[in-house]
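Colleague: Structure provided below as structure tokens; questions to follow.
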Amino acid sequence: GPAWQSYNDVQIPNNDTATRFSLSDAVGKGPWAAGRVYPTWHLSEASDLRALYAPLTINEPGELAGPVSFAGGDFAAGTALATFKFNSYRLTYRHRFHEGERWSWWGRHREDPAMRASPWNRTGVTAAKDDLGYVPLLHISGEWRPAAAWRVTFDADALAGGPDRRRGRGAGALARSGGVGAPGRRLPAGRRRRRR
């Protein structure tokens, strides 16, 4: 589905030798094509294991409002080509700790490695920063069944990576609702918001 960026501030390296600037202002807020794949293995009636592959690449000409120092490269104001890549891989263990007539609740632990790449290119100047980060996430999700044929689900996960700054931090939330059709089939629609 489509993906937008509400803000994406960049400064590499994260010190006074580099310029902090807004990538979303430079290349726009989207949308761009994005996908997510969720294979799931059911370990028991109340537990499952789920993997995630969620690639995202933004490759756009950007307009720099002023001179920018980025990853050792110096760029004058004007047009430059920006590439932002954020590929997320997750492994989630989920356990249902409450099952009621209308509510179900799950708790999870997630391992979330993510690969980031942020190159800038301009005639005669190229600069790039690649990074592999790791964030362990705690997760909670719930499902409300207001009627036999309807489901309202939401989930949220967040945790700071601690003193090792390479582990970073992550936060995300999803809310969706949908109808239940044929046995085992659902037609959901929702919105996900993520922050790194």
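The values are calculated or read from the model by the stated rules, or taken from the named source; none is laboratory data. The structure displayed is predicted, hence computed values, not measured ones. Please note: Cβ atoms are built from the backbone with ideal geometry, for glycine as well, and neighbour counts cover all protein chains shown. We work out accessible area using only protein heavy atoms, side chains counted, and drop any ligands, DNA or RNA first. Shrake-Rupley method; radii C 1.70, N 1.55, O 1.52, S 1.80 Å.
Colleague: If r is the Cβ-Cβ distance from SER6 to ASP131 and R0 is 35 Å, what FRET efficiency results, to the nearest 0.05? Could you put the intermediate results ahead of the total?
Modeller: On the way: r = 21 Å, r/R0 = 0.61.
Calculated value: 0.95.
Colleague: Let me ask you something else. Quick one: pull the percent of accessible area on the stretch 1-58 belonging to carbon and sulfur, 1.4 Å probe, ligands and nucleic acids left out. Provide the component values of the computation, followed by the final result.
Modeller: On the way: 2030 of 3510 Å².
Using a 1.4 Å probe with all protein chains present, the stretch 1-58 comes out at 58 percent carbon and sulfur.
Colleague: Using the charge dipole of the stretch 1-111 (Lys, Arg: +1 at Cβ; Asp, Glu: -1 at Cβ; taken about the Cα centre), state which of PHE70, TRP41, ALA82 has its Cα farthest towards the positive end.
Modeller: TRP41
Colleague: Now, a different point. Probe radius 1.4 Å, ligands and nucleic acids left out: which of THR19, THR57 has the largest accessible area, and how do the rest follow?
Modeller: Values: THR19 45, THR57 65 Å².
From most accessible down to least: THR57, THR19.
Colleague: Here's something else I'd like to know. If you place +1 on the Cβ of every Lys and Arg, -1 on the Cβ of every Asp and Glu, and leave all else neutral, what size is the dipole of the stretch 1-116 about its Cα centre, to the nearest 20 Debye? Before the final figure, lay out the partial values.
Modeller: Values: 12 positive and 12 negative charges, 78 e Å.
Dipole about the Cα centre, nearest 20: 380 debye.
Colleague: Another question about this same structure. Excluding ASP25 itself, calculate the net charge of residues whose Cβ lies under 13 Å from the Cβ of ASP25, where each Lys or Arg counts +1 and each Asp or Glu counts -1. Walk me through the intermediate numbers first.
Modeller: On the way: positive: ARG20, LYS29; negative: ASP9, GLU60, GLU63.
Around ASP25, the charge tally is -1.
Colleague: Per residue, how much accessible surface does the stretch 1-114 expose to a 1.4 Å probe? Answer in Å², no decimals. Working shown, then result.
Modeller: Values: 6360 Å² over 114 residues.
Per residue, the stretch 1-114 has 56 Å² of solvent-accessible surface.
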